[in-house]
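**Student:** Pasting a structure here, questions to come.
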Amino acid sequence: MTESLNFLDPNVLAGLANLELRARVVVEGFLAGLHKSPHKGFSVEFNDYRHYQRGDDMRHIDWKLYARTDKFYIKQYEDETNVRCVILLDTSASMAYSSGGISKLNYGITLASALAYFVMRQRDAVGLITFDDKVRDYLPAKCRQPHLMRILRALAQVESGMKTDVVKPLSDLAATLTKKSIVVLITDMLDDEERIINTLQNIRGMGNDVLTFQIMDDAELKFPFNEASEFIDMENNESYITSPATIRKAYLENLNEFLSYCKKKCQSSGVDYCLMNTAEPLDKALSSYMSKRAKSF
């Protein structure tokens with residue numbers, strides 16, 4: 001990667017109010033850093049055809065191909081031929097946490113926007129589901145430019161909710177997937193992680209590709225607190241007053257056990273897993289998606 005990744009600094013990006021601009025800066029900065037990546041140029045023009053069937057719109061016949069073959073062919077639309085990606089964004093109260101920089105939710109919004117922009121740039125279809133303890137917004141996967149604008153508008157209007165139920169939107173989505181898709185989950189996993197991963201495994205078992213981005217604040221990962229503090233659960237308002245020094249070792253041990261469990265259980269079942277620190281650039285997420293997209297289709 002090159003110095004262009006400096007433009008992917010999440011705190012700098014958060015200062016860009018225009019979400020389309022924010023997404024474009026992330027994606028173009030990432031692509032500029034690829035250089036001689038083995039994936040360079042993997043975006044292709046899809047020219048898939050099928051035989052003309054009675055009732056098809058004659059306007060979609062490829063007459064040049066007819067002149068060469070003396071047969072009628074219909075060029076399939078991109079949303080009939082390309083990859084379908086559905087992005088699920090956790091907007092629950094715990095995602096609103098910030099230790100001073102960009103919040104997990106704002107980081108997730110930026111990530112979802114950049115992924116949507118990137119997917120559309122590859123001429124693939126992208127959809128969006130936002131949720132807390134229920135689905136808040138649902139936009140089915142499409143690959144038309146106006147649809148990207150609808151996704152970005154929906155993300156720009158996201159507000160943090162309350163409690164989390166990650167399994168419900170995943171289960172609802174699974175019931176609607178009739179074609180192989182890439183399912184991207186963006187969440188802090190602060191729910192019942194065993195149920196979440198079991199549901200992700202089921203979606204993977206249906207033949208879909210699944211990527212999970214676990215978003216954590218830098219302070220959650222490093223626990224840098226020193227003075228006696230009150231810690232408040234953002235989803236049930238329970239509070240704990242304690243000395244950080246007293247609980248730091250146990251906290252970090254429990255955290256590492258939690259993160260290790262999520263990573264191992266996901267990877268052992270073919271679910272791609274990527275831990276994202278809100279203090280770090282987003283290029284790792286785009287690399288993960290691009291790798292999955294290139295290998296799977």
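No value in this document is a laboratory result; all are computed from the given coordinates. Remember, predicted model here, so these are calculated numbers, not experimental data. Glycine gets a Cβ as well: all are built from the backbone with ideal geometry, and neighbour counts include every protein chain shown.
**Student:** In a Debye calculation with equal point scatterers on the alpha-carbon sites of segment 142-235 and no solvent, what is log10 I(q)/I(0) at q = 0.17, 0.20, 0.23 Å⁻¹?
**Tutor:** For segment 142-235 at q = 0.17, 0.20, 0.23 Å⁻¹, log10 I(q)/I(0) is -0.97, -1.18, -1.31.
**Student:** Considering the alpha-carbon set of segment 84-296 alone, what are its Rg and its Dmax in angstrom?
**Tutor:** Rg and Dmax of segment 84-296, Cα atoms, are 17.1, 54 Å.
**Student:** Moving on. With respect to the cross-link table entries Lys104/Lys222; Lys179/Lys265; Lys263/Lys284; Lys168/Lys263; Lys142/Lys180, which display a Cα-Cα separation exceeding 18 Å?
**Tutor:** Pairs exceeding 18 Å: Lys179/Lys265; Lys168/Lys263.
**Student:** Calculate the dipole size of segment 84-296 relative to its Cα centre from +1 charges on Lys and Arg beta carbons and -1 charges on Asp and Glu beta carbons; express the result in debye to the nearest 20.
**Tutor:** 1480
**Student:** How far, in nm, would the chain grow between Ser171 and Asn226 when pulled straight, counting 0.36 nm per residue and subtracting the alpha carbon separation?
**Tutor:** 15.7 nm
**Student:** If I model a spin label as a point 7 Å beyond the Cα along the Cα-Cβ vector, how far apart are those points for Asn254 and Gln157 in nm?
**Tutor:** 3.9
**Student:** With N denoting the number of residues in segment 100-177, provide Rg(C-alpha) divided by 2.2 N^0.38 Å, to two decimal places.
**Tutor:** 1.12
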